[in-house]
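S.K.: Structure provided below as structure tokens; questions to follow.
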Amino acid sequence: MRLSLVFYVFLARMAVGALIALIPVWRLRAAERHLRFECVLAFVLAAGAAALYLPALGPERPDLPRGAGAYLSLEGLLPGALVLFAAGCLGVNFLFGTFRRRAGRALLGATVLVGLVAVYGTVRIHGLAGAPGAGAVLFLSGLLGGLLMASINDAMVLGHFYLMIKGLPLEALRRAGLFVFAVLVARIVCFGLVLAFWDGAYEVLVERELIWTAWRVAFGFLGPLVLLLMVKDTVRLKHTQAATGLLYVAVGFALMGELAATYLELATGIPA
């Protein structure tokens, strides 16, 4: 498997997740600078993924479109959706920067929809023509994976603004933390259901790929869960510096866990 393909999927999903994670705080003035920063981050992630599309293909997938036309095609992994998504991120940043907040929220919502198309493109690598149920599970798993990475990172970056700007209301950080926790629980439940009901998943993930699965669970689930419970207490005590530090560690854990999950999905065809 080509490493560039793993990172194409990984970066594309995280880019879309970074924009979705802004929705819980997009109406709070305390989070506006953070929102603009995250739009630039989502742009960089999406542009990086789009640039990896052609190197990611290799000779193994001659069926996928190549060249400049691949970005205008509705076939393959839909890299053109990533280009539109990246442009939308810059537009959202500009609108919020010029205080056109209503227009910014409208464009953010539209850009998220384009991002969902890009996430769907990342699961088409599995060839889903005859398996709509499998495709839906792969899409949900991929979306939750990108959202988990990005929402923890969003919360961590938001915490840094509390260190730089004194007196910011804690509501934005609380919302971001609750959103991260909800996404993490949903991700764990999705993984558990796949192990229980996906044909052959237990044998592959728990027996053949045990080391990668153990890595995935330890860093992607257990580590962030413990750290988020600690963040809850630090935010309650208004220790934003401690909360930001814990979130920083949680970001590293989530990235390692989801990178392993992306590898497992592409290597086995099973959402991990």
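S.K.: Considering only CYS39, TYR248, GLY104, whose Cα is most displaced toward the positive end of the charge dipole of the chain, charges sitting on Cβ of Lys, Arg (+1) and Asp, Glu (-1)?
M.R.: Of the candidates, GLY104 comes out farthest on the positive side.
S.K.: Tell me, GLU171, GLU258, GLU207 in order of fewest to most beta-carbon neighbours within 10 Å?
M.R.: Exposure proxy ranking, most exposed first: GLU207, GLU171, GLU258.
S.K.: From the phi of every residue in the range 36-51, what ³J(HN,Hα) in whole Hz does the Karplus formula 6.51 cos²θ - 1.76 cosθ + 1.60 yield, where θ is phi - 60° and glycine or proline is x?
M.R.: Rounded to whole hertz, the list is 5, 4, 5, 5, 5, 4, 4, 4, 5, 5, 5, 5, x, 5, 4, 5.
S.K.: Can you bin the range 218-272 into rounded, prolate or oblate? Criterion: square roots of the alpha carbon gyration tensor eigenvalues sorted a ≥ b ≥ c, rounded for a/c under 1.5, prolate for a/b above b/c, oblate for the rest.
M.R.: prolate
S.K.: Also: Can you sort ARG33, ARG216, ARG66 so the residue with the fewest Cβ neighbours within 10 Å comes first?
M.R.: ARG66, ARG33, ARG216
S.K.: So what's Rg/Rh here for the range 7-135, counting alpha carbon atoms and using the Kirkwood radius for Rh?
M.R.: Rounded to two decimals, Rg/Rh equals 1.03.
S.K.: Return one quarter of the surface area of the convex hull spanned by the alpha-carbon atoms of the chain, equal to its mean projected area, in nm².
M.R.: 14.0
S.K.: Using each residue's phi in the range 114-119, evaluate 6.51 cos²θ - 1.76 cosθ + 1.60 at θ = phi - 60° and report the 3J(HN,Hα) Karplus result to the nearest Hz, with x for Gly and Pro.
M.R.: 5, x, 4, 5, 5, 5
S.K.: At a 10 Å Cβ-Cβ cut-off, how would you order GLU32, GLU60, fewest neighbours first?
M.R.: GLU60, GLU32
S.K.: Go through the range 25-31 residue by residue and turn each phi into a ³J(HN,Hα) via Karplus (6.51, -1.76, 1.60, θ = phi - 60°); whole Hz please, and just put x for glycine and proline.
M.R.: Ordered by residue, 3J(HN,Hα) equals 10, 6, 9, 9, 4, 4, 9 Hz.
S.K.: Quote the charge dipole size of the range 3-268 about the Cα centre in Debye, to the nearest 20; the model charges only the Cβ of Lys and Arg (+1) and of Asp and Glu (-1).
M.R.: It comes to approximately 1320 debye.
Coordinate-derived values only; no laboratory data. These numbers were taken from a predicted model, which means no experiment stands behind them. Cβ sites come from the backbone with ideal geometry, for glycine too, and all protein chains shown count toward neighbours.
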